[in-house]
Each structure stands twice: as C-alpha cells, then as structure tokens.
Amino acid sequence: MKIAWVKGNAKISFNRPNVFMILGVRGSGKSSLLETIGTFYLQRGHKVLDLFGSRDGENLAWLRSPFAEDKKILLIKGDNTDVDCSWEVKSASNVTLWDIENHDITISSSPLYSHPRIEFEAVGRITDLVYNRLSWKKIIYMIVREAANLYYSRLKVEQSQLMAKAQEIYLLRESRHMGVAVGLDTLKFTSVDIDVRAVTDFQIFKALGLMGLPKELSWIYAFIDPAVLRNMKPHQFIILSRNSDLGLGVFKAIPWHKEEKENILKELGIYVEHGEPIK
C-alpha cells in the first residue's frame, strides 16, 4: 500500500489499535482494502477477527489466503448449525476470549448461522468478549463489513436504539485501551452516525458515485477533483487522518478475495446443515 500525502504527512502504524472506516459504493473495493489492512496486522504478529460480512460468506476467503497455511484459524457458527470442514469450529455460545486470543484468524461468517437474528446475537456476544480484555500483548484487528449492520446487531442485544448507539460509540472510543483495532466499511455517510465517524483514526474514501462528501468534508474538494472521488478504480483510495492529513493511495488487489458470484462454501469444501430454529 502506497500513499502520497497532499496535505500533512500522517504515519500509519499497524502496531497500534487504530480505527479505520472505509466508505464507497458497491464494488469499489472496500472489503479488499479491509483485508489488505488485516494482512499488515498479521504480518506483524497480531490477530484478525473477521466478525461480520455479507450473507454470501465473503470473509471465509481468509481460508485460502497464504496465512491459512501456517496460522491458527477458528470458525464460529450458530448453536443450531453443524459445520463439516477441515478447520476448527466452535459454537458462538461456547467461544471465549481465550479462543480469540489464541487463534491468529477468527471468522464469524453469515452462512454458518441459520438466521440473521441468531448471527446478530452471536456478533453482540463476541464483541462484548473482545471489549472485556483487561490486558493485552497482541492487537486484535476486528473487521466489520457494512458498519450499519454492527449497529443493528447491538440493537438486537440492547433492545434500545439510544442504548445501542451509545454502546457502539463507547466501544470504538475505548477500543485502543483493549488493544482492538477496528476496520469498518459502509456504503454511505448517512448509514453511520457522525459521532461514530468522529472516533475514527482514518477515514478512507473509495469511489463514492453520486453521493459525494458531506458538507463538513467539502473542503477536500480544494485538494481532490470531485470527478476523482466519484470514479476511483478498486485499487485506489483517498485517506483522511483524524488530524486532517489528506492523501492519495493505491494498493494491490487481494488475489484470494471472494468473487461476487462465487460459491465460497463449495470452493473450500465446507458443508453446512442448519437445525431447528432456536426459540
């Protein structure tokens, strides 16, 4: 990943628990960039918790990455789901913080749950486990694809919109104290509350299409042509630090990233059978 700073000269350390938020339209390369950041953390001996993704199981692509050859991997599934594969699997209700800290890559993937409600409850429980760390030596880089859905997962747990929002902001603000780096992505600014954006260390913009930047960030147009923001290629991005450093960046495409129409379960030889719904 290379960055040319047009304003300021920020330093990005992958030995620090930073919060990254990526914005862009569908197909703009948000997930691929989240995974790229994850590889930087893994290369420095830290952990990856790929917590939430789309229903097609895109985060299972880690299982065919070069890291799958020598890293300890754990898959988390719903309690009423059976999973047959060559990787270690554990039910969400039985996962402990020790499990996450003692695996290099932990994946909670939508196809391993019988219903979104069950997945939301599991995601809420796993999030609470991570944020209960009292001490740490290795950073846990937690990936949440489509950040608005993480907020709704908290809503399922808290049963209160106000409480869920307050809890999410608190978790992001306090993440560095628990040794948790966070990678979020979302389609548009309005999907994520401004209070959430305010606690990020780096905001990364991919192709924004017709949406454009919100009013408070319109000053960026003095440095970046609006046409560039609308039509960036998947390997390109613009990055903004919490101190208003602004840069243009490029990164190499992840060769093992899941393709849109690909059946990732079939490709990896993972067999899933869902039981009766849990009341």
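Checking each residue in the range 239-279 for being basic (Lys, Arg) and modelled with pLDDT of 90 or more picks out LYS252, LYS266. Quick check: is even one residue across the range 24-35 within 16 Å of VAL182 (Cα to Cα), out of contact with any strand residue (DSSP E or B) (no Cβ under 7 Å at 6 or more places or on another chain) and either without any contact (Cβ under 8 Å) to a residue 60 or more places away in the chain or open to solvent by less than 10 Å² (accessible area, probe 1.4 Å) (or both)? There is at least one residue in the range 24-35 that is within 16 Å of VAL182 (Cα to Cα), out of contact with any strand residue (DSSP E or B) (no Cβ under 7 Å at 6 or more places or on another chain) and either without any contact (Cβ under 8 Å) to a residue 60 or more places away in the chain or open to solvent by less than 10 Å² (accessible area, probe 1.4 Å) (or both). Going by what's in this entry, would GLY57 be described as open to solvent by 20 Å² or more (accessible area, probe 1.4 Å), on the phi > 0 side of the Ramachandran plot and at pLDDT below 90? No, not satisfied. Across the range 232-279, what is the number of residues that are closer than 12 Å to ILE204 by Cβ and open to solvent by less than 40 Å² (accessible area, probe 1.4 Å)? Counting residues in the range 232-279 that are closer than 12 Å to ILE204 by Cβ and open to solvent by less than 40 Å² (accessible area, probe 1.4 Å) gives 10.
Identify all residues within the range 78-129 that are in contact (Cβ under 8 Å) with a residue 60 or more places away in the chain, in a strand (DSSP E or B) and buried (at least 16 other Cβ atoms within 10 Å of the Cβ); write none if there are none. THR81, VAL83, ILE105, listed by residue number.
The values are calculated or read from the model by the stated rules, or taken from the named source; none is laboratory data. Computed from a predicted structure; not experimentally measured. Positions of Cβ are backbone-derived with ideal geometry, glycine not excepted, and every protein chain shown enters the neighbour counts. Ligands, DNA and RNA are stripped out before the accessible areas are found, and what is left, the full protein with its side chains, is counted by its heavy atoms. Shrake-Rupley method; radii C 1.70, N 1.55, O 1.52, S 1.80 Å.
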